[in-house]
Amino acid sequence: AQTVTQSQPEMSVQEAETVTLSCTYDTSENNYYLFWYKQPPSRQMILVIRQEAYKQQNATENRFSVNFQKAAKSFSLKISDSQLGDTAMYFCAFVPSQGGSEKLVFGKGTKLTVNP
Amino acid sequence: DGGITQSPKYLFRKEGQNVTLSCEQNLNHDAMYWYRQDPGQGLRLIYYSQIVNDFQKGDIAEGYSVSREKKESFPLTVTSAQKNPTAFYLCASTRWAHSYNEQFFGPGTRLTVL
């Protein structure tokens, strides 16, 4: 069974600083996709960033970037220049590229607080 | 604007009652999903549907039922057989059934059993 582990239930960071959220996953698949979703206090889930496992280059989206280590099955999210609006739950998610079920497997989340 | 709507936002149910949560999308997406979110548990898949008139069980389907009679609608019924239904329920959709595609989420329904 595929699993996603987020080992940091809660984290905090000062505004304008950088923070890294950890995610590891377990799978026997070779091709898959990884996602980071953000859930602010409004509870609306928003896609932050997406990574294809066959791509060695780490994905970046403005202040958000990932460190994808396929051999180690690690997929961490780095938030640079943290802003108050980054305060949210962050979920790491995995889906295999084969099979067609698109069943996202989520980690339990990391609650990030950005302090002024 | 295109998007996913869920109603109601808050729902209260007495024990032993069935209740139906609505999910509608006007994104012309083929696939739709229902997730349950509990504190400290992340999101768990209840049911999903890749095309009209077809759906599959997810990881925690017991006590739930769905229908997909129209492309834009995927209602979820929480039956009396669901022993612990109090949770936050999220509906999602994606353009077509491919793993790469981003799942777009609705605003959610908070169900409380009294």
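The values are calculated or read from the model by the stated rules, or taken from the named source; none is laboratory data. Quick caveat, the model's predicted, so the values are computed rather than measured. FYI the Cβ positions are ideal-geometry reconstructions off the backbone, even for glycines, and counts take in every protein chain you see.
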Exercise. Can you tell me which residue in segment A:91-116 is farthest from the chain's Cα centre (by Cα), limited to those that are of a type in the set (D, E, K, R) and surrounded by fewer than 20 Cβ atoms within 10 Å (Cβ to Cβ)?
Worked result: A:LYS103
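Name the one entry in B:PHE55, B:PHE12 that is surrounded by 19 or more Cβ atoms within 10 Å (Cβ to Cβ) and more than 11 Å from the chain's Cα centre (by Cα).
Answer to the check: B:PHE55.
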Problem set entry | One residue from B:LEU45, B:LEU111 being modelled with pLDDT of 95 or more, surrounded by 15 or more Cβ atoms within 10 Å (Cβ to Cβ) and of a type outside the set (Asp, Glu) | B:LEU111
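Any residue at all in segment A:83-90 that's surrounded by 17 or more Cβ atoms within 10 Å (Cβ to Cβ), within 14 Å of chain B (Cβ to nearest Cβ), in a loop (DSSP other than H, G, I, E, B) and of a type in the set (A, V, I, L, M)? It would help to see each step written out before you state the result.
Just the residues of segment A:83-90 that are surrounded by 17 or more Cβ atoms within 10 Å (Cβ to Cβ), to begin with: A:86-90.
Keeping just the survivors that are within 14 Å of chain B (Cβ to nearest Cβ) gives A:88-90.
When the remaining residues are screened for being in a loop (DSSP other than H, G, I, E, B), the result is none.
Within segment A:83-90 (the criterion being surrounded by 17 or more Cβ atoms within 10 Å (Cβ to Cβ), within 14 Å of chain B (Cβ to nearest Cβ), in a loop (DSSP other than H, G, I, E, B) and of a type in the set (A, V, I, L, M)), the answer is no, since none of the residues qualifies.
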For this session: Can you tell me which residue among A:ALA53, A:ALA72 is of a type in the set (A, V, I, L, M), exposed (fewer than 15 other Cβ atoms within 10 Å of the Cβ) and out of contact with any Ser or Thr (no Cβ under 6 Å at 6 or more places or on another chain)?
Result: A:ALA72
Exercise. Can you name the residue in segment A:3-43 that is part of a loop (DSSP other than H, G, I, E, B) and within 16 Å of the chain's Cα centre (by Cα) and is also surrounded by the most Cβ atoms within 10 Å (Cβ to Cβ) among such residues?
Worked result: A:CYS23
For this session: Scan the strands (runs of 3 or more DSSP E) fully inside segment B:1-79 and keep the ones with 1 or more residues being farther than 23 Å from A:ARG43 by Cβ, away from chain A (no Cβ under 14 Å) and not aromatic (Phe, Trp, Tyr).
Result: B:64-66
